[in-house]
Amino acid sequence: MKSTQDSFEITAIKDDLVFLKGGGAAVVLQTTAVNFALLSEIEQIAIISAFGQTLNSLSFPIQIVIRSKRLDITSYLRLLNRAIASQTNLLLSTLMGRYRLFVQSLIKQNEVLEKHFFIVIPISSL
(Lines give C-alpha, C1' and ligand atoms only; values in the text may rest on other atoms or scores of the structure.)
Protein backbone atom coordinates (compact mmCIF):
# COMPACT_ATOMS: atom_id res chain seq x y z
CA MET A 1 0.00 0.00 0.00
CA LYS A 2 1.28 3.46 -0.94
CA SER A 3 1.77 6.07 1.75
CA THR A 4 0.90 9.72 1.33
CA GLN A 5 4.61 10.56 1.31
CA ASP A 6 5.09 8.39 -1.79
CA SER A 7 2.79 10.76 -3.70
CA PHE A 8 4.97 13.83 -3.08
CA GLU A 9 8.01 14.81 -5.10
CA ILE A 10 9.65 16.17 -1.92
CA THR A 11 12.18 13.98 -0.14
CA ALA A 12 13.43 16.44 2.49
CA ILE A 13 13.51 20.07 3.60
CA LYS A 14 16.86 21.23 4.99
CA ASP A 15 18.50 24.65 5.36
CA ASP A 16 15.72 26.46 3.48
CA LEU A 17 15.99 24.07 0.52
CA VAL A 18 13.34 21.64 -0.66
CA PHE A 19 14.98 18.47 -1.97
CA LEU A 20 13.10 16.64 -4.71
CA LYS A 21 13.04 13.07 -5.93
CA GLY A 22 15.42 12.76 -8.84
CA GLY A 23 18.14 14.90 -7.26
CA GLY A 24 16.73 18.37 -7.88
CA ALA A 25 15.95 21.02 -5.33
CA ALA A 26 13.96 24.23 -5.03
CA VAL A 27 14.10 27.39 -2.97
CA VAL A 28 10.77 28.64 -1.63
CA LEU A 29 10.55 32.35 -0.85
CA GLN A 30 7.62 33.86 0.99
CA THR A 31 6.70 37.35 -0.14
CA THR A 32 4.04 39.95 0.58
CA ALA A 33 1.32 41.37 -1.61
CA VAL A 34 0.52 44.90 -2.66
CA ASN A 35 -3.07 46.12 -2.46
CA PHE A 36 -3.17 47.01 -6.14
CA ALA A 37 -6.60 48.67 -6.01
CA LEU A 38 -5.37 51.28 -3.53
CA LEU A 39 -2.53 52.44 -5.80
CA SER A 40 -2.75 55.35 -8.20
CA GLU A 41 -2.83 54.62 -11.93
CA ILE A 42 0.82 55.70 -12.28
CA GLU A 43 1.87 53.40 -9.43
CA GLN A 44 -0.10 50.51 -10.95
CA ILE A 45 1.59 50.99 -14.32
CA ALA A 46 5.02 51.16 -12.65
CA ILE A 47 4.41 47.93 -10.73
CA ILE A 48 3.11 46.08 -13.81
CA SER A 49 6.10 47.27 -15.82
CA ALA A 50 8.65 46.30 -13.14
CA PHE A 51 7.00 42.89 -12.66
CA GLY A 52 6.98 42.26 -16.42
CA GLN A 53 10.64 43.27 -16.72
CA THR A 54 11.55 40.98 -13.83
CA LEU A 55 9.76 38.00 -15.38
CA ASN A 56 11.25 38.69 -18.81
CA SER A 57 14.77 38.86 -17.37
CA LEU A 58 14.61 35.38 -15.84
CA SER A 59 16.42 32.60 -17.68
CA PHE A 60 14.75 29.86 -15.65
CA PRO A 61 11.18 28.93 -14.75
CA ILE A 62 9.59 29.99 -11.48
CA GLN A 63 6.33 29.10 -9.83
CA ILE A 64 4.11 31.61 -8.05
CA VAL A 65 1.91 30.01 -5.38
CA ILE A 66 -0.94 31.78 -3.60
CA ARG A 67 -2.39 29.97 -0.60
CA SER A 68 -5.78 31.24 0.53
CA LYS A 69 -7.25 30.13 3.82
CA ARG A 70 -10.58 31.16 5.28
CA LEU A 71 -9.95 33.16 8.43
CA ASP A 72 -12.01 32.67 11.58
CA ILE A 73 -12.36 36.03 13.33
CA THR A 74 -14.65 34.99 16.16
CA SER A 75 -11.79 35.59 18.63
CA TYR A 76 -11.50 39.16 17.28
CA LEU A 77 -15.24 39.67 17.81
CA ARG A 78 -14.90 38.38 21.39
CA LEU A 79 -12.02 40.80 21.93
CA LEU A 80 -14.23 43.65 20.71
CA ASN A 81 -17.01 42.53 23.06
CA ARG A 82 -14.64 42.66 26.04
CA ALA A 83 -13.30 46.07 24.96
CA ILE A 84 -16.85 47.43 24.63
CA ALA A 85 -17.84 46.04 28.03
CA SER A 86 -14.82 47.59 29.74
CA GLN A 87 -15.19 50.99 28.04
CA THR A 88 -16.34 53.67 30.50
CA ASN A 89 -16.82 56.43 27.93
CA LEU A 90 -20.36 56.10 26.54
CA LEU A 91 -19.51 57.68 23.17
CA LEU A 92 -16.50 55.40 22.63
CA SER A 93 -18.54 52.39 23.69
CA THR A 94 -21.26 53.29 21.16
CA LEU A 95 -18.73 53.79 18.38
CA MET A 96 -17.00 50.50 19.21
CA GLY A 97 -20.37 48.75 19.13
CA ARG A 98 -21.08 50.18 15.69
CA TYR A 99 -17.66 49.07 14.52
CA ARG A 100 -18.32 45.55 15.82
CA LEU A 101 -21.65 45.44 13.94
CA PHE A 102 -19.87 46.65 10.80
CA VAL A 103 -17.25 43.89 11.08
CA GLN A 104 -19.93 41.28 11.77
CA SER A 105 -22.01 42.33 8.74
CA LEU A 106 -18.88 42.47 6.58
CA ILE A 107 -17.93 38.87 7.34
CA LYS A 108 -21.49 37.71 6.67
CA GLN A 109 -21.37 39.25 3.19
CA ASN A 110 -17.75 38.41 2.34
CA GLU A 111 -15.31 35.68 3.20
CA VAL A 112 -12.32 36.89 5.15
CA LEU A 113 -9.23 35.22 3.73
CA GLU A 114 -5.68 34.95 4.93
CA LYS A 115 -3.35 34.82 1.94
CA HIS A 116 0.26 33.70 1.72
CA PHE A 117 2.37 34.29 -1.37
CA PHE A 118 5.34 32.14 -2.36
CA ILE A 119 7.84 32.09 -5.21
CA VAL A 120 9.36 28.69 -5.97
CA ILE A 121 12.71 28.71 -7.75
CA PRO A 122 13.94 25.34 -9.00
CA ILE A 123 17.61 24.45 -8.78
CA SER A 124 19.12 21.96 -11.22
CA SER A 125 20.19 18.53 -10.03
CA LEU A 126 22.59 18.58 -7.09
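The values are calculated or read from the model by the stated rules, or taken from the named source; none is laboratory data. All of these numbers come straight from a predicted model, not from anything done at the bench. Here the Cβ positions follow ideal geometry from the backbone for every residue, glycine too, while neighbour counts run over all protein chains shown. Protein only, heavy atoms only, side chains kept; ligands, DNA and RNA dropped before computing areas. Shrake-Rupley method; radii C 1.70, N 1.55, O 1.52, S 1.80 Å.
Points worth noting:
- Count of the stretch 78-126 residues which are surrounded by 12 or more Cβ atoms within 10 Å (Cβ to Cβ) and more than 30 Å from ILE13 (Cα to Cα): 18
- In the stretch 64-72, the count of residues that are under 16 Å from ILE121 (Cα atoms), open to solvent by less than 60 Å² (accessible area, probe 1.4 Å) and free of Cβ contacts under 8 Å to residues at least 60 places away in the same chain is one or more.
- For ALA26, the criteria (1) within 16 Å of ILE119 (Cα to Cα); (2) open to solvent by 80 Å² or more (accessible area, probe 1.4 Å) hold in every case but one, which is (2).
- So GLN53, is it open to solvent by 100 Å² or more (accessible area, probe 1.4 Å), among the polar types (S, T, N, Q) and more than 20 Å from the chain's Cα centre (by Cα): yes
- The single condition among (1) of a type outside the set (Lys, Arg); (2) more than 30 Å from GLY24 (Cα to Cα); (3) part of a loop (DSSP other than H, G, I, E, B) that SER59 does not satisfy is (2).
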